[in-house]
Amino acid sequence: MHFKQPHQHHKILPQELLFITLPLLFLTAYIYTAVRLQRILPHTMGLRIVLILLFVLGIAGMILFFTAGQKMPIALAGGLYRFSTSWLIAFLYLFIFVMLIDIFRLLNVAFHLIDRETIHVIFSNNIATSITVFGLVALLLLLGNIRYHHKEREPIEIVTHKIEKPVRIVGISDLHIGYTISAREVAKWVKLINAEKPDMVIIAGDIIDNHLRVVMKDSVEAVLQQIDAPMGVYSCTGNHDLLFAVKEDAGFYKRSGITLLRDSSFTLDGITLIGRDDYTNRRREPLQSIMEQVDRSGFTLLLEHQPHHLDETVENEIDFQFSGHTHRGQVFPASLIADRLFELSHGYMQKEKTHFYVSSGIGIWGGKFRIGTRSEYLVLDLKPAN
């Protein structure tokens, strides 16, 4: 006898549902914002045509860059990347303002705060309202850009019996060198770092933003080599590094004067550095396995790009963990989401005997704006207990 097999329905996984839902939500918000802004703008001066072009070019530029950027001239690809990622931030705030206007209109319907005719005049074909909305967004972006270029110094001091002499360590993360951040800008960071007279420099991943070709053309390696740290410069991989630098030319790190630690450790003068491969590598070594090879009598410092599973670090009795990745959302209100996603999305925390610092990054992804967050570098002073 032959039994008919029941029809197997494909079960949609949460990740697949998210992959479908998020683009649809973004597209809905994008169209909604464009339509509502069209109604606010006056008919004159071709402003509505300019707005449509901005919305079309903003999304088209992003798609073009990520699908064909490698085949384009570097200048064109860089222009598309900088424009589209900056426009993404501008769109976020335009969306927020449009939402606030519509919420006010709904409240007015419920509570009759202002007569309908006045509401229509204020929010339809009104040059003053248009200037206010776009002016506020432009001002936010200007202040955000100024804030980005101001690098905050974060000092931390830890007294420990595990070292015999003071050690100064400068920590940076999320450089994202590439189409947005050039060798000239990195040279300014190197001056900041060298001014601290560090014994050691640690990098918590994402040195590279995209493909290496623009980094090579810009001679970034020669700039990174100028970091002056007698005990060396060390880094773990970030998700961007695994996608690009490691795959395309792993020799980039050595030529830049950086020791890359991938699920490995290195001991020098009583300090043991442990560098984990990024969380996106599902085949990376468990932390416990790595720690089996580590001499725990010295001060242990873990470089872990993404600050997941902090309790695992505590269980392995590591003294200090330095992470990045979150950027703390880069701009408000994305920072609120980052705060919910991570136990520690930014700053210092101590759990039992383990110290943590999650950096919001010295660099940035995409548009150079810090709104409600900051660009920073860590200055960690280790001092002997006696």
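For the pair ARG255 and ARG116, how long in nm is the line joining their label points, each one 7 Å along Cα→Cβ?
6.9 nm
Apply the a/c threshold of 1.5 to the C-alpha gyration tensor of the range 153-384 and tell me whether it is rounded, prolate or oblate.
Since a/c stays below 1.5, the shape of the range 153-384 is classed as rounded.
In straight Cα distance, which lysines are under 23 Å from LYS368, not counting same-chain residues fewer than 8 positions off?
Those lysines meeting the cut-off are LYS151, LYS188, LYS191, LYS217.
Could you work out how much longer the chain between GLN225 and ASP311 gets when fully extended? Use 0.36 nm per residue separation minus the Cα distance between them, nm to one decimal.
Going from the current span to full extension adds 27.4 nm.
Angle between the Cα long axis of helix 74-111 and the longest principal axis of the chain, 0 to 90 degrees, nearest 10?
The answer is roughly 60 degrees.
Taking 8 Å as the Cα distance limit and 6 or more residues as the minimum spacing, I'd like the relative contact order of the chain as a percentage.
19 percent
Taking LYS162 as the anchor, which lysines have their alpha carbon closer than 21 Å to its alpha carbon, excluding any fewer than eight residues away along the same chain?
Answer for LYS162, where 21 Å is the Cα cut-off: LYS351, LYS353, LYS383, listed by chain and number.
Quick check: the angle from helix 127-149's long axis to the longest principal axis of the chain, C-alpha only, nearest 10 degrees?
Approximately 10 degrees, to the nearest 10.
As a test of the formula, what do you get for the chain when each DSSP H run with n ≥ 4 contributes -39,500 (n - 2.57) and the sum is divided by the residue count, at 222 nm and rounded to the nearest 500 deg cm²/dmol?
-14000 deg cm²/dmol
In debye, nearest 20, what is the charge dipole magnitude of the chain about its Cα centre with +1 on Lys and Arg Cβ and -1 on Asp and Glu Cβ, if you could check?
1360 debye
What number do you get for the range 238-328 when its Cα radius of gyration is normalised by 2.2 N^0.38 Å, N = residues?
With N residues counted in the range 238-328, Rg over 2.2 N^0.38 Å equals 1.09.
Return the Rg/Rh ratio of the range 107-191 with Cα-based radii and a Kirkwood Rh.
With Rg and the Kirkwood Rh in hand, the quotient comes to 1.33.
Among all the aspartates and glutamates, which ones have a C-alpha under 16 Å from LYS254's C-alpha, if same-chain residues fewer than 8 places away are not counted?
ASP206, GLU221, ASP228, ASP241
Show me the trypsin sites (Lys or Arg not before Pro) within the range 350-386 that DSSP assigns to loop and that have at most 13 other Cβ atoms within 10 Å of their Cβ.
Counting only loop positions with at most 13 other Cβ atoms within 10 Å, the trypsin sites (Lys or Arg not before Pro) in the range 350-386 are LYS353.
Using the Kirkwood radius over Cα pairs, work out the Stokes-Einstein diffusion coefficient for the range 158-238 at 25 °C and 0.890 mPa s, in µm²/s as a whole number.
181 µm²/s
Check each of the trypsin sites (Lys or Arg not before Pro) in the range 222-304 and keep only those in coil by DSSP with at most 14 other C-beta atoms within 10 angstrom; list them in order.
ARG282, ARG283, ARG296
Would the range 29-161 count as rounded, prolate or oblate if I go by the C-alpha gyration tensor, calling it rounded below 1.5 in a/c and otherwise prolate when a/b exceeds b/c, oblate otherwise?
Judged from the Cα gyration tensor, the range 29-161 comes out oblate (a/c at least 1.5, b/c at or above a/b).
Which percent, to the nearest 5, of DSSP beta bridges fully inside the chain are antiparallel?
The antiparallel proportion sits near 30 percent.
May I ask for the angle, rounded to the nearest 10°, between helix 47-68 and the longest principal axis of the chain, with both axes built from Cα atoms and the value confined to 0 to 90°?
Once rounded, the angle reads 30 degrees.
Readers should treat all values here as calculations from the given coordinates under stated rules, not as data from a laboratory. Quantities reported herein were computed from a predicted structural model and do not represent experimental measurements. Neighbour counts are summed over all protein chains in view; Cβ atoms, including those assigned to glycine, are modelled from backbone coordinates with ideal geometry.
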